[in-house]
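Report on one structure; see the data block that follows.
The values are calculated or read from the model by the stated rules, or taken from the named source; none is laboratory data. Since the model is a prediction, treat every value here as computed from it, not as a measurement. We place every Cβ from the backbone using ideal geometry, glycine too, and count neighbours over all the protein chains shown. All accessible areas refer to the heavy atoms of the entire protein, side chains included, with ligands and DNA or RNA removed. Shrake-Rupley method; radii C 1.70, N 1.55, O 1.52, S 1.80 Å.
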Amino acid sequence: MTQEELFKKLIAHSKEYGFIFPSSEIYDGLSAVYDYGQLGVELKNNIKKYWWDSMVKLHDNIVGIDAAIFMHPRTWEASGHVGAFNDPLIDNRDSKKRYRADVLIEDWLAKQDEKIAKEVEKARKRFGENFDEGQFLSTNARVLEVGGKRDEMHRRMVEALTANDLEALRQVIVDCEIVCPVSGTRNWTEVRQFNLMFETKIGAAADGASTIYLRPETAQGIFVNFLNVQKTGRMKIPFGIAQIGKAFRNEIVARQFIFRMREFEQMEMQFFVRPGEEMPWYEKWKETRMSWHRALGFGDARYRFHDHDKLAHYANAAADVEFEFPFGFKEVEGIHSRTDFDLGNHQKFSGRKIQYFDHETGESYVPYVVETSIGVDRMVLQVLSASYAEEKLDNGEERVVLRIPAPLAPVKVAVLPLVKKDGLPEVAAEIIESLKFDHATQYDEKDSIGKRYRRQDAIGTPFCITVDHQSLEDNTVTIRHRDTMEQQRVAITDLPQIINNKVTMRNLFAKLK
RNA sequence: GCGGAAGUAGCUCAGUUGGUAGAGCAUUAGCCUUCCAAGCUAAGGGUCGCGAGUUCGAACCUCGUCUUCCGCUCCA
């Protein structure tokens, strides 16, 4: 089976068993929006709990908040999203290809640099050891011409981008005589802005309603509450603020199932440190976060770091944790050293002093921030794609099994009477009663026992408890393990403890570094 | 947004030259009572993605539209 086939099966399986549905399906769906079903929501909640507890419960210097999705519009000016989240796009009419205008120009600039470098190389060969590069660059006519134009175009591009002047930006493309790499023509459309932030209105239109945005990231809710939390929580640097919440991005193309959605959920922790101490913390959090992923037991080889060369406007270091999905290694989490960019800008834009007085050093400063930001939906997809397996059994039959780590499984225990008579269902019902306040349970008496095991395998239930005739005599039942399909006989009274030991989150926390 | 492919029951799919829609699995009820699914009986479930058009008649032909997948493009 190819990875592509596997991915398709996973999508079908997710729908068939109630994990993930296309949104508004009865109206033909809504592009790149999905709903979580009865099992999907359990899985997702368990993932969130694993993250939340590993951050907030296990660290006495990390606390959580839940900020609103709506934020003051100025927030997004301070964060840089109003400027940087707008991509200027241009289409070539012949090839029908779309490009980012500034990227086209950047490419052209790079080509000019290459030209100059080639001239230098040629001259070096000609003059040999006597070659003076500095003099050559400042006197050679060809180099001066190319370089001069390059610098002028670069200046105009920066000007146009800063002023948000789309027409000027297009003129730069025209003047550079940039051709489409595909069609080779210069038949360009206008430059258009594509805003990745969703807009809506607050207040009645008649009263001068103002435009507000659905947050494109949850981080800003933490930054604007920095002082509130630090002061009311008596937090001392270094400390962190964690948050789980929805964010929204109007992506040009959003695809690959729930990997890239327009509405998605983030789990973010912003860790505030002394200026200058951010790099050790950045390294520490990279390690901590990687161990969190690897504790799930999907195999260390399926994870890797991708260190960013090109940094976002706020960062001085950034890395992704990538997981090997059926469609390749892709980002599931980002660890960014955000410097004092965010707090500093909020200080500037709000006019409020956002600083921390450090009693140890006696200094007041804007803290630096190390961010860990993980996509909940990508985690769901990671768990599903790593867990899905089709196995050939000894008897020649096949089974589909989701090997979801027990603490994350949507259903922990299924209780099954071997037959639905002779008082076995009644015993099963009692067992459910003893477990259901602590664990997600299911009861099933329909069809043969083997079939019921398969159904539980398909949704990833780690344990099946089977009540048989012996149970009536000695108050024991069998526990059947999903992964090995082996069974063991235990006393009914021991069940709560046995199950609890097997499904507790502690089993994951124990593997964390 | 472009190009290609696709959309028929919960799932996987069939459906002939245009003649009022089928299978397997799944579901529900009953029978059977059996520790690794697919025994027996019965039932429910589809305005064939949506909307127009052509036609006496459209799942099938034409146009539009929506959605999904693949490739490009894009991606804090």
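Among the criteria (1) part of a loop (DSSP other than H, G, I, E, B); (2) of a type outside the set (Asp, Glu); (3) within 12 Å of RNA strand B (Cβ to nearest atom), the one A:Thr361 does not fulfil is (3).
Among the residues that make up region A:345-359, is at least one of them over 20 Å from A:Asn228 (Cα atoms) and surrounded by fewer than 21 Cβ atoms within 10 Å (Cβ to Cβ)?
Filtering region A:345-359 down to residues over 20 Å from A:Asn228 (Cα atoms) leaves none.
Taking every residue of region A:345-359 in turn, none turns out to be over 20 Å from A:Asn228 (Cα atoms) and surrounded by fewer than 21 Cβ atoms within 10 Å (Cβ to Cβ).
Restricting A:Ala386, A:Ala428, A:Ala409 to residues that are small (Gly, Ala, Ser) and touching a strand residue (DSSP E or B) at 6+ places or on another chain (Cβ under 7 Å) narrows the list to A:Ala428.
Just checking, which of A:Glu190, A:Glu283 is of a type in the set (Asp, Glu) and either touching a Ser or Thr at 6+ places or on another chain (Cβ under 9 Å) or in contact (Cβ under 8 Å) with a residue 24 or more places away in the chain (or both)? Quick ask: steps written out before the conclusion?
Numbers: A:Glu283 fails: either touching a Ser or Thr at 6+ places or on another chain (Cβ under 9 Å) or in contact (Cβ under 8 Å) with a residue 24 or more places away in the chain (or both).
So the residue among A:Glu190, A:Glu283 that is of a type in the set (Asp, Glu) and either touching a Ser or Thr at 6+ places or on another chain (Cβ under 9 Å) or in contact (Cβ under 8 Å) with a residue 24 or more places away in the chain (or both) is A:Glu190.
Filtering region A:229-276 to residues that are touching a residue at least 12 places away in the same chain (Cβ under 8 Å), among the basic types (Lys, Arg) and away from RNA strand B (no atom under 11 Å from the Cβ) leaves A:Lys236, A:Lys246, A:Arg274. It is to be established whether one or more residues within region A:257-269 are among the aromatic types (Phe, Trp, Tyr) and in contact with a Gly (Cβ under 7 Å, 6 or more places away or on another chain). So far as region A:257-269 goes, yes, one or more of its residues are among the aromatic types (Phe, Trp, Tyr) and in contact with a Gly (Cβ under 7 Å, 6 or more places away or on another chain).
Scanning region A:15-40 for residues that are of a type in the set (A, V, I, L, M, F, W, C), surrounded by fewer than 16 Cβ atoms within 10 Å (Cβ to Cβ) and touching a residue at least 24 places away in the same chain (Cβ under 8 Å) turns up just one, A:Val33. Restricted to region A:1-93, the set of helices (runs of 4 or more DSSP H) holding at least 2 residues that are more than 29 Å from A:Thr504 (Cα to Cα) comprises A:3-16, A:74-79, A:81-84. Selection of region A:251-261 for residues being on the phi < 0 side of the Ramachandran plot and open to solvent by 50 Å² or more (accessible area, probe 1.4 Å) yields A:Ile252, A:Val253, A:Arg255, A:Arg260. If you go through region A:315-327 and pick out every residue that is in contact with a strand residue (DSSP E or B) (Cβ under 9 Å, 6 or more places away or on another chain) and surrounded by fewer than 17 Cβ atoms within 10 Å (Cβ to Cβ), you end up with 1. Counted as qualifying within region A:406-513 are the strands (runs of 3 or more DSSP E) with 2 or more residues that are open to solvent by 10 Å² or more (accessible area, probe 1.4 Å) and over 23 Å from A:Lys44 (Cβ atoms), namely A:476-481, A:487-491. Only one residue in A:Ser434, A:Ser471 is of a type in the set (Gly, Ala, Ser) and within 9 Å of RNA strand B (Cβ to nearest atom). Which one? The unique qualifying residue is A:Ser471.
For region A:277-311, filtered to residues that are open to solvent by 30 Å² or more (accessible area, probe 1.4 Å) and within 16 Å of RNA strand B (Cβ to nearest atom), the residue that is modelled with the highest pLDDT is A:Phe305.
Among the residues making up region A:210-228, a single one is surrounded by 18 or more Cβ atoms within 10 Å (Cβ to Cβ), at pLDDT 95 or above and more than 16 Å from RNA strand B (Cβ to nearest atom): A:Phe226.
Only a single item in (1) within 16 Å of RNA strand B (Cβ to nearest atom); (2) of a type outside the set (Gly, Ala, Ser); (3) part of a loop (DSSP other than H, G, I, E, B) is not met by A:Arg352, and it is number (1). Of all residues in region A:28-66, those satisfying the criterion of being under 20 Å from the mean Cα position of the chain (by Cα), away from RNA strand B (no atom under 16 Å from the Cβ) and among the hydrophobic types (A, V, I, L, M, F, W, C) are A:Val41, A:Leu43, A:Ile47, A:Trp51, A:Trp52, A:Met55, A:Val56, A:Ile65. For region A:446-466, the tally of residues that are within 15 Å of A:Pro417 (Cβ to Cβ), near RNA strand B (Cβ under 7 Å from one of its atoms) and in contact with a strand residue (DSSP E or B) (Cβ under 7 Å, 6 or more places away or on another chain) stands at 3.
Conditions tested, residue by residue: (1) more than 12 Å from A:Glu371 (Cα to Cα); (2) assigned to a helix (DSSP H, G or I).
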| residue | (1), (2) |
| --- | --- |
| A:Glu265 | yes, no |
| A:Met269 | no, no |
| A:Phe272 | no, no |
| A:Gly276 | yes, no |
| A:Glu283 | no, yes |
| A:Glu287 | yes, yes |
| A:Ser291 | yes, yes |
| A:Leu296 | yes, no |
| A:His306 | yes, no |
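Close Cβ contacts (under 8 Å, 6 or more residues apart or on different chains) running from residues in region A:1-14 that are loosely packed, with under 14 Cβ neighbours inside 10 Å to residues that are among the charged types (D, E, K, R) comprise A:Met1/A:Lys9; A:Met1/A:Glu390.
Are any of the residues in region A:376-398 near RNA strand B (Cβ under 10 Å from one of its atoms) and surrounded by 15 or more Cβ atoms within 10 Å (Cβ to Cβ)?
No; the residues of region A:376-398 include none that is near RNA strand B (Cβ under 10 Å from one of its atoms) and surrounded by 15 or more Cβ atoms within 10 Å (Cβ to Cβ).
Output yes when any residue across region A:367-375 is part of a helix (DSSP H, G or I), closer than 30 Å to A:Asp320 by Cα, open to solvent by less than 20 Å² (accessible area, probe 1.4 Å) and away from RNA strand B (no atom under 15 Å from the Cβ), and no when none is. Checking region A:367-375: not a single residue is part of a helix (DSSP H, G or I), closer than 30 Å to A:Asp320 by Cα, open to solvent by less than 20 Å² (accessible area, probe 1.4 Å) and away from RNA strand B (no atom under 15 Å from the Cβ).
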